[in-house]
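Below: the structure, in structure tokens.
The values are calculated or read from the model by the stated rules, or taken from the named source; none is laboratory data. All values derive from a computational prediction rather than experimental measurement. All Cβ positions, glycine included, derive from the backbone under ideal geometry; neighbour counts span all protein chains shown.
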Amino acid sequence: MRIKQSLYGIGLFLCAAVIPASCPAQTPSKAEAPPPVIPLEIFAKLPFIEMPTLSPGGQRIATQLANNGKQMLAIKTADEKPVLIATGKAELRDLTWLNDDWLLATIGQSTSWHGLPVYATRTIAVSADGKTVRTIPNVPQGQHGSDILWVARDGSPRVILAFQKSIVMDQYFWPTMAEIDVATNKMKTLIAPRFNIMPKLNSAGGTRRERELVSI
């Protein structure tokens, strides 16, 4: 019994030491004001900038830019105003610099073929000053025309593309693989369309090494 009383007395002493009788009672703090509500219109706005891509020499940036509610391709240097290129209803899918003078833009757009909905893609060559914009290669194309297989790393504006020449299930439905000089738009066919064959390219260090035909 004495042991219990002693422990009880020690407990009271400790409580008195930790919580003095003169300590004022704490009042509850006021609730913080809720953060301001973000308008829903903010979430519906187009992103101001997307896919920024620096040119090899570091002098220009190509990007997709929101301008007055429309998305446009923009090319800008540090000292000049951006060159704005309208893309219309097409979706800008990717940007690739070939060298400091030429940019490749792949685009896609929903369209129809004999009443059937299709999504067609193309590769667009754009000069760094924005004065030249053209589809490559300069031949009729089918549904898919934006399969970039290889780009030159020696500074020349050369690219290898695989693209369809027809959307109909015939010989030209199967991709053609061609090397294109973007500056002149001249094309050299590397692999002609072959039934049930999809061309791919293996390369290392920017040097074309071999062509691989993959049967599907």
- Item | Residue count, the stretch 115-133 (criterion: free of Cβ contacts under 8 Å to residues at least 12 places away in the same chain, of a type in the set (Ser, Thr, Tyr) and farther than 17 Å from LEU98 by Cα) | 0
- Within the stretch 134-163, work out how many residues are among the small types (Gly, Ala, Ser), touching a strand residue (DSSP E or B) at 6+ places or on another chain (Cβ under 9 Å) and in contact (Cβ under 8 Å) with a residue 40 or more places away in the chain. 3
- Which of the residues belonging to the stretch 13-58 are surrounded by 10 or more Cβ atoms within 10 Å (Cβ to Cβ), modelled with pLDDT of 85 or more, on the phi < 0 side of the Ramachandran plot and aliphatic (A, V, I, L, M)? ILE49, LEU54
- Message: On the basis of being small (Gly, Ala, Ser), modelled with pLDDT of 50 or more and either under 18 Å from VAL126 (Cβ atoms) or not in a helix (DSSP H, G or I) (or both), does ALA74 make the cut?
- Response: yes
- Query: Out of the stretch 91-127, which residues are more than 13 Å from HIS144 (Cβ to Cβ), crowded, with 20+ Cβ neighbours inside 10 Å and touching a Phe, Trp or Tyr at 6+ places or on another chain (Cβ under 9 Å)?
  - Reply: LEU103, LEU104, ALA125, VAL126
- From the options ALA78, ALA183, ALA178, residue that is more than 21 Å from the chain's Cα centre (by Cα), surrounded by 14 or more Cβ atoms within 10 Å (Cβ to Cβ), under 24 Å from GLN59 (Cβ atoms) and among the small types (Gly, Ala, Ser): ALA183
- Message: Suppose we filter the stretch 81-130 for residues that are in a loop (DSSP other than H, G, I, E, B) and within 26 Å of GLY58 (Cβ to Cβ); how many remain?
- Response: 10
- Query: Got a number for residues in the stretch 59-69 being in contact with a strand residue (DSSP E or B) (Cβ under 9 Å, 6 or more places away or on another chain) and loosely packed, with under 10 Cβ neighbours inside 10 Å?
  - Reply: 0
- Given the stretch 131-176, what strands (runs of 3 or more DSSP E) lie entirely inside it while holding 1 or more residues that are in contact with an Asp or Glu (Cβ under 7 Å, 6 or more places away or on another chain), closer than 27 Å to VAL83 by Cβ and of a type in the set (A, V, I, L, M)? 158-163
